[in-house]
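Undergrad: Have a look at the structure that comes next, please.
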Amino acid sequence: MNFSGDFHVHTPFCQHGTEDKMEDYINQAIERGLTYLTFTEHAPLPNGFSDPAPGKDSSMPADAVETYLQEARRLKKKYRDKLVIQVGFEVDFIEGFEKETRMLLEKWGPLIDDAILSVHMLRSPEGRFFCLDYSAREFSSIVSVFGSVDAVYATYYRTLRQAIETDLGLFKPKRLGHITLVEKFRQAFPPSRKFDREISEILELVAGKGMELDINTAGLYKEHCQSIYPSESFIRKAAELAIPLVPGSDSHQANHIARGFQRLPELPYRLPGGVKR
Ligand SMILES: [Zn+2]
Ligand SMILES: [Zn+2]
């Protein structure tokens, strides 16, 4: 790599991470010799959507956004000689809340540098929502509601397609987050078939839309997953399709910055489109 950076990093502003301060993440990044760091805290959930996660802790509260952005601005200045710091969000794509998400993006989009679009919330056939990656126990109830592991996977990839195809306005995030997150508990709840065709189609769509891909090492450290999101063969396929590959640790604690990056396949990685060198 001709640069090194971590472009998917959380902060104490979401309610399910650690209390580690943004400055702690920055110091870790500097210690590890990174030159770029992008904070992508979970954006507030769209208006009218009630957090289905059992802990109701999926995102940052709307009234914390100002403080989050202010703190990032302060740190950008303070560390400007050492690290290029960018700030943005990981935004949820939620079926049926497209308009509200667009409004959220229009409100905050002008104030951020970069963003990731991810699917964590799945709508069941009866219209109930579930948080896909909360816990193995929660995943098992999702499987009961959807009827099978395969049905959960199929719904996930269908929702991800919608995320790519839906017009979310001028500030729609350019990078798609951890595209195989549904595999987080795959060893405990294996699907009966491979979803390679679905993943390949997702990559074709990403390429067609000129989006970037979050190459996310967090899955390597999940007990039931132990793979990068997505796995190496799909990272290579994405590279063949000339999709910009942007590495991210998805850290929720400071000492996880750039974790697992040594296990990324040797390929050209790119800075997010929003980052100025
Ligand atoms: Zn998180
Ligand atoms: Zn995520």
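Undergrad: Students sometimes get this wrong: rank 111, 181 by accessible area, probe 1.4 Å, all chains present, largest first. Before the final figure, lay out each step's value.
TA: On the way: 111 85, 181 10 Å².
Result of the area sort, largest leading: 111, 181.
Undergrad: How large, in percent, is the carbon and sulfur part of the accessible surface of the chain at a probe radius of 1.4 Å? Please report the intermediate quantities before stating the final value.
TA: Numbers: 5680 of 12040 Å².
Of the solvent-accessible surface of the chain, carbon and sulfur hold 47 percent.
Undergrad: Given an 8 Å cut-off on Cα distances and at least 6 residues of separation, report the relative contact order of the chain as a percent.
TA: Working: 522 pairs, mean separation 57.3, N = 277.
Here the relative contact order equals 21 percent.
Undergrad: Another question, then. Ranked highest first by the average count of other Cβ atoms within 10 Å around their residues, in what order do 36-45, 11-20 fall? List each step's numbers first, then the result.
TA: Working: 36-45: 25.3, 11-20: 17.6.
So the peptides 36-45, 11-20, ranked by packing, come out 36-45, 11-20.
Undergrad: Could you tell me what percent of the DSSP beta bridges with both partners in the chain are antiparallel, to the nearest 5? Mind showing how you got there, number by number?
TA: Working: 4 of 28 bridges.
Bridges in the chain are about 15 percent antiparallel.
Undergrad: If amide hydrogens are placed 1.01 Å from N in the peptide plane, which non-local residues have theirs closer than 5 Å to the one on residue 251?
TA: Distant-sequence amide H within range of residue 251: 10.
Undergrad: Angle check, please: helix 136-146 long axis (alpha carbons) against the longest principal axis of the chain (alpha carbons), in degrees 0 to 90, nearest 10.
TA: On a 0 to 90 degree scale, this one is about 40.
Undergrad: Sticking with this one: How much of residue 84 can a 1.4 Å solvent probe reach, expressed as accessible area in Å² and rounded to 10?
TA: 50
Undergrad: If the cut-off is 18 Å between C-alpha atoms, which aspartates and glutamates fall inside it for residue 194, apart from same-chain ones fewer than 8 positions away?
TA: The qualifying aspartates and glutamates are 150, 183, 204, 232.
Undergrad: When the Karplus curve 6.51 cos²θ - 1.76 cosθ + 1.60 is applied with θ = phi - 60°, which whole-Hz ³J(HN,Hα) does each residue of the range 7-23 get, with x for Gly and Pro?
TA: 10, 9, 9, 9, 8, x, 6, 8, 9, 10, x, 8, 8, 3, 7, 4, 5
Undergrad: Whole Å is fine, so just give me how far the alpha carbon centre of the range 47-82 lies from that of the range 155-179.
TA: When both Cα centres are located, 21 Å separates them.
Undergrad: Under a 1.4 Å probe, what is the accessible area of the chain per residue, stated in Å²? Don't jump to the answer; show the numbers that get you there.
TA: Values: 12040 Å² over 277 residues.
For the chain, the per-residue accessible area is 43 Å².
Undergrad: Then there is this: Can you give the local net charge around residue 161? Use residues other than it whose beta-carbon is closer than 13 angstrom to its beta-carbon, Lys and Arg +1, Asp and Glu -1. Display every interim value, and only then the final one.
TA: On the way: positive: 158, 197, 209; negative: 95, 165, 198, 201, 204.
So the environment of residue 161 carries a net charge of -2.
Undergrad: Then there is this: How fast does the chain diffuse by Stokes-Einstein, in µm²/s, taking the Kirkwood radius from C-alpha pairs at 10 °C and 1.306 mPa s? Let's see the in-between values first.
TA: On the way: Rh = 18.7 Å.
Translational diffusion coefficient: 85 µm²/s.
Undergrad: Given H placed 1.01 Å from N in the peptide plane, which residues other than close sequence neighbours of residue 90 have an amide H under 5 Å from its amide H?
TA: Excluding prolines and chain starts, which carry no amide H, the hits are 41, 42, 43, 116.
Undergrad: Sorted by mean Cβ packing within 10 Å, highest first, what order do the peptides 114-121, 75-82, 132-139 take?
TA: Numbers: 114-121: 25.4, 75-82: 13.0, 132-139: 18.0.
My ranking of the peptides, most packed first, is 114-121, 132-139, 75-82.
The values are calculated or read from the model by the stated rules, or taken from the named source; none is laboratory data. Note that the coordinates shown come from a computational prediction; the quantities given were computed from them, not determined experimentally. FYI the Cβ positions are ideal-geometry reconstructions off the backbone, even for glycines, and counts take in every protein chain you see. Quick note on the areas: whole protein, heavy atoms, side chains included, nothing else; ligands and nucleic acids left out. Shrake-Rupley method; radii C 1.70, N 1.55, O 1.52, S 1.80 Å.
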